[in-house]
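Notes for the one structure printed next.
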Amino acid sequence: MNPKEYKYTKDNEWIFFESDGVGRIGITDYAQAHLGDVVFLELGSVGTEVSQFGKIGEIESVKAVSDLFTPVSGTVTEINQKAVDKPSLVNTDPYGDGWLVKLEISNPTELDALMSSDEYEQLTSH
Amino acid sequence: MSETACNQGELVESAKRTAFNKAHHDLGAKMLAFAGWDLPIWYTSALDEHRAVRSGTGMFDVSHMGRIRLTGKRVGNFINKIVTRPVERIPLGSGQLCLLLVEDGGILDDLWVYQIGADDYLLVWNACNFELKYDWILEWAANDSGVIINNVTEDTFMLAVQGPKASRMKTLESVSQLPRFGFMETDVGGIRVIVARTGYTGEDGYEIMGDAASALSLWQLFLEQGVVPCGLGARDSLRLEAGMMLYGQDMDRSTNPFEAGLGWLVDLDGSEFIGKSALLKIKQRGITRKLIGFQMKERGIARHGHRILKDGKDVGMVTSGGLAPSLGVNIGMGYVPVEMVNIGTELEIVIREKPVAAEIVSRRFYRNGGMK
């Protein structure tokens with residue numbers, strides 16, 4: 001199930017506000033199931049500035065390459081090296097150990113453009 | 001004559017269904033349209049299915065492959081005319097892998113020829129471009145009442161049971177003594193089938209053909225014995241890791257057998273066949289490019305269509321690429337000029353605009369010591 005405390009995009013990413021204006025970003029369970037086994041992650045570098053819904057990386061599964069977009073604007077503060085080394089974490093734990101990047105969020109009002117878990121479930125239920 | 005795409009795509013309503021189709025849907029497989037057939041890409045995980053075949057036993061619905069029965073008084077001569085090795089050279093009780101060529105020596109397909117009886121043969125070829133190949137052989141057989149061509153693809157099933165433990169299964173005891181590439185007609189689980197000791201995974205295993213009506217009960221029997229259903233995803237990574245080529249990607253009508261490393265499937269001393277005179281010329285002239293295997297030295301996965309660079313200059317294209325799950329590295333195949341095919345040659349693969357370092361390695365990426 002999609003965690004209630006996360007926010008979602010129509011591109012199947014999630015974001016969770018950790019603390020001090022830092023957001024943790026990943027892809028949803030729906031997305032990982034659709035992609036199949038993730039075999040490669042390209043997540044850019046720390047310090048990169050990104051704007052809302054812009055591309056921040058690439059996710060490659062056995063089947064296809066997909067772009068990863070950021071739910072909000074900000075600066076990349078951390079990349080999940082554990083997931084880079086072991087991309088299967090994205091499949092086994094998409095909301096936990098399979099997170100992808102952390103951002104220092106520059107504009108918290110952008111949150112309003114994102115979906116709640118209920119709204120996201122509606123979007124992906126058919 | 002034009003080739004149609006053999007690509008996989010999203011599911012289409014009109015896709016044909018194999019005799020195992022219900023089983024795939026019952027298991028909740030992720031389906032896609034492949035060469036016009038509704039087939040599983042994976043059931044739960046392509047990587048898990050890959051590993052199941054490397055360590056135990058997996059099964060693949062390969063009923064989409066074309067099966068053509070050829071009979072008649074002049075059928076032997078006819079086959080000799082259309083394929084690259086004469087039927088007289090087929091080892092007794094064995095199938096023979098050969099090629100179907102067009103006049104200029106380009107490859108139309110690779111296929112197995114089995115002799116079922118006197119003047120009775122079975123061809124098994126790739127699903128890709130079925131109509132084109134079928135029309136091609138019909139055309140060459142036109143007006144010859146001594147050749148009867150029968151497409152049995154949709155009346156039959158084909159199931160590949162693959163893995164180091166396949167030959168130890170009680171159900172397959174009757175075929176455990178078959179030599180590699182050997183085949184026989186036998187009963188498996190009470191069902192009359194033709195079994196060949198062949199496969200496309202780099203492991204020991206069998207390909208089983210029988211009447212479509214018996215398909216689901218055989219599937220169920222293997223399922224109950226713990227054989228892991230595997231989809232096209234695992235099929236592709238297994239064959240790539242074993243260095244096996246995929247028609248439509250690693251070879252096609254623009255490729256000749258010598259540059260594809262398939263000269264061993266061509267018998268130039270035997271009878272006349274379509275494409276032979278072109279091959280003799282190519283052999284005399286020599287080839288300019290060759291299929292090689294490579295391993296990525298930096299992070300990145302090469303895919304079909306990516307450019308290959310040598311010292312910054314374009315030298316070729318990737319034909320297949322991906323993760324080698326059993327080796328934990330990223331590998332691929334592609335054509336490069338013959339002067340740079342040595343093992344250890346450094347190349348770069350352009351992955352999404354970025355050159356990434358790679359090195360030529362043996363195309364037998366994965367070698368299985370247990371292969372019979």
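Just so you know, all these numbers are worked out from the coordinates, no wet-lab data involved. Note that the structure is a prediction, hence the values are computed from the model and not measured. As a convention, Cβ positions derive from the backbone with ideal geometry for all residues, glycine included, and neighbour counts pool all protein chains shown.
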Cα-Cα longer than 18 Å, checked against A:Lys63/A:Lys102; A:Lys10/A:Lys55; A:Lys82/A:Lys102, kept in input order, equals A:Lys63/A:Lys102
Of the candidates B:Leu70, B:Pro229, B:Leu291, the farthest towards the positive dipole end of chain B (Lys/Arg Cβ +1, Asp/Glu Cβ -1, centred on the Cα centre) is B:Leu291
Once amide hydrogens are built 1.01 Å from N within the peptide plane, the residues lying 5 or more places from B:Val356 or on another chain with amide H under 5 Å from its amide H are B:Ile349, B:Val350, B:Ile351
Treating every alpha carbon of chain B as one equal point scatterer without solvent, the Debye formula yields log10 I(q)/I(0) values at q = 0.09, 0.12 Å⁻¹ of -0.52, -0.95
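What translational diffusion coefficient, to the nearest whole µm²/s, does region B:170-229 have by Stokes-Einstein, given a Kirkwood radius computed over alpha-carbon pairs, a temperature of 10 °C and 1.306 mPa s viscosity? Don't skip to the answer; put the middle values down first.
Details: Rh = 12.0 Å.
Answer from the Stokes-Einstein relation: 133 µm²/s.
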Ranked on Cβ counts within 10 Å of their own Cβ, fewest leading, B:Tyr43, B:Tyr134 go B:Tyr134, B:Tyr43
Which residues qualify? For B:Arg289, with a placed amide H closer than 5 Å and at least 5 residues away or on another chain, they are B:Val338
Chain A, convex hull of Cα, quarter of hull surface, nm² -> 6.8 nm²
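Explain nothing, just the number: dipole magnitude of the protein assembly as shown about its Cα centre with +1 on each Lys and Arg Cβ and -1 on each Asp and Glu Cβ, in debye rounded to the nearest 20. Show your work: numbers first, answer last.
Details: 50 positive and 67 negative charges, 387 e Å.
The dipole of the protein assembly as shown has a size of about 1860 debye.
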In whole Å, largest first, the alpha carbons of region B:288-372 cover along the principal axes 42, 27, 19
Per DSSP loop assignment and a cutoff of at most 14 other beta carbons within 10 Å, chain A keeps its longest run without exposed trypsin sites (Lys or Arg not before Pro) at A:11-126
GNM of chain B, Cα pairs under 10 angstrom: of B:Arg89, B:Arg67, B:Arg307, the biggest fluctuation goes to B:Arg89
Measuring from its Cα centre, region B:240-372 shows a charge dipole (+1 at each Lys and Arg Cβ, -1 at each Asp and Glu Cβ) which, in debye to the nearest 20, is 80 debye
Most fluctuating of B:Gly58, B:Gly312, B:Gly189 in the GNM of chain B (C-alpha, under 10 Å) is B:Gly312
Checking B:Leu39, B:Leu92, B:Leu101 against a Gaussian network model of chain B (alpha-carbon springs below 10 Å), the top fluctuating residue turns out to be B:Leu92
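For the protein assembly as shown, what D do you get in µm² per second when you plug the Kirkwood radius from alpha-carbon pairs into Stokes-Einstein at 10 °C and 1.306 mPa s?
Working: Rh = 24.7 Å.
D, rounded to a whole number, is 64 µm²/s.
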Amide H neighbours of B:Lys16 at under 5 Å, excluding residues fewer than 5 places away on the same chain, with H built from the backbone geometry, are B:Trp37, B:Asp38
The number of Lys pairs in region B:288-372 whose alpha carbons lie under 30 Å apart, excluding pairs fewer than 8 residues apart on one chain, is 9
